[in-house]
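Every number here is computed from the coordinates shown, using simple stated rules; none is lab data. If you're wondering where the values come from, they're calculated on a predicted model, not measured in any experiment. Counting neighbours? That spans all protein chains shown, and the Cβs are built from the backbone with ideal geometry, glycine included.
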Amino acid sequence: MRARAYWPVTVAAALLVGLLAYGLTTTGADTTLDSATAKGERVDPPTAASLPVLGGSGSGSLADYRGKVVLVNVWASWCAPCRDELPLIQKAHKMLSARGGTVVGIDVKENSGAALEAVDEFGLTFPNLRDRDGSFVREWGQTGYPENYVIDREGRVAAVRRFPVTQKWLDETLPPLLEESA
Amino acid sequence: MTRALLTALLALLLLAPAAAAAAAPRASLTDIEDEVMCLECGTALNVSNSEVADQEREFIAVLIAQGMTKRQVKDALVAEYGPRVLAEPSDDGFELTAWLVPLLGALGALALVTFTARRWRGARPVDGEPALDAEDARRLDAELAAFDR
């Protein structure tokens, strides 16, 4: 009799615990990329989703740049460290574009007007895609701003930087990849 | 007759803009803020102080200054930031639980109230029947009689 009275409470508690567990497992950052690239492995990008082009019509994908070394720069104009980093990223783009590579910016969580103002302000000449709500970079295990990912000529992720880049890191990471053939 | 008709027409012309304004009230930042999310903080805009929230507020203020209604502002926000910018949860995936849990809770509460009410009705004496059994009635009469003495 006593057991009969308690079973709905037990089922409800089990459901609640299940719901919490599901919520927790689906909100944590994915560290797969970090551990793989730290071991020197090259891995496929977590997503090949298309994103709207900033300041243009239609959409674009990182897959469009296959055959090039791509420095993916995650940025937003409201992010002060991103703004500090942008001149260095633009400089890297100049170097890359002369050697069969490019920077692709992923502008996150801001309206296109604000993003385009920053493009003008910093004289950015690399293409930018818009991750309107941050769901794209979330697939990459994003933990903050800015972040940078390097993709080799075969479209595999070769390096991940979860905080602002330095010239030293760029000099160590990009040239060996540029030497590789597609 | 013509004068009355003209007066009525004039009144209609004067009242029409007011009626239109009432149908689509002018949006205000404070009214919209609690229905919009700060995308970076994961909280409603009215309790967020981050740079992202400031930029979203600025965007909303510009749209309001352009004379947009609340609906138009929210549509523009979704177009720029995606559907997650609205505080309302979406109706698929994990967010579906935000709709289902209150609904199931309300149904459960309704079932509980109905069940309890039916039990109470079943326990209550039906009109016309004695509320006490014979033994209790006899004891009550005896005790009341003792008071009368």
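Annotations
- Of the residues A:18, A:58, the single one that is farther than 18 Å from residue A:149 by Cβ and away from chain B (no Cβ under 14 Å) is A:58.
- Of all residues in the stretch A:141-172, those satisfying the criterion of being surrounded by fewer than 19 Cβ atoms within 10 Å (Cβ to Cβ) and of a type in the set (S, T, N, Q) are A:143, A:166, A:167.
- Residue in the stretch B:93-102 that is more than 10 Å from every other protein chain (Cβ to nearest Cβ), assigned to a loop (DSSP other than H, G, I, E, B) and loosely packed, with under 12 Cβ neighbours inside 10 Å present: no
- Whenever a residue of the stretch A:93-114 is touching a residue at least 60 places away in the same chain (Cβ under 8 Å), its partners that are among the hydroxyl-bearing types (Ser, Thr, Tyr), lying with C-beta atoms within less than 7 angstrom and at least six residues away or across chains, give the pairs A:96/A:102.
- A single member of A:83, A:138, A:162 is within 21 Å of residue A:55 (Cα to Cα) and among the basic types (Lys, Arg), and it is A:83.
- Once the stretch A:61-82 is narrowed to residues that are buried (at least 17 other Cβ atoms within 10 Å of the Cβ) and part of a loop (DSSP other than H, G, I, E, B), the residue that is nearest to the other protein chains (Cβ to nearest Cβ) is A:78.
- When residues of the stretch B:40-92 are limited to those that are buried (at least 19 other Cβ atoms within 10 Å of the Cβ) and outside any helix (DSSP H, G or I), the one nearest to the other protein chains (Cβ to nearest Cβ): B:40
- Scanning the stretch A:119-135 for residues that are out of contact with any strand residue (DSSP E or B) (no Cβ under 6 Å at 6 or more places or on another chain) and surrounded by fewer than 22 Cβ atoms within 10 Å (Cβ to Cβ) turns up A:119, A:120, A:121, A:122, A:123, A:125, A:133, A:135.
- Where strands (runs of 3 or more DSSP E) fall entirely within the stretch A:83-182, those with at least 2 residues that are more than 14 Å from every other protein chain (Cβ to nearest Cβ) are at A:101-108, A:147-151, A:157-161.
- Residue match in the stretch A:41-53 (condition: in a helix (DSSP H, G or I) and of a type in the set (D, E, K, R)): no
- Checking each residue of the stretch A:30-48 against the condition of being within 14 Å of another protein chain (Cβ to nearest Cβ) and touching a residue at least 12 places away in the same chain (Cβ under 8 Å) gives no match.
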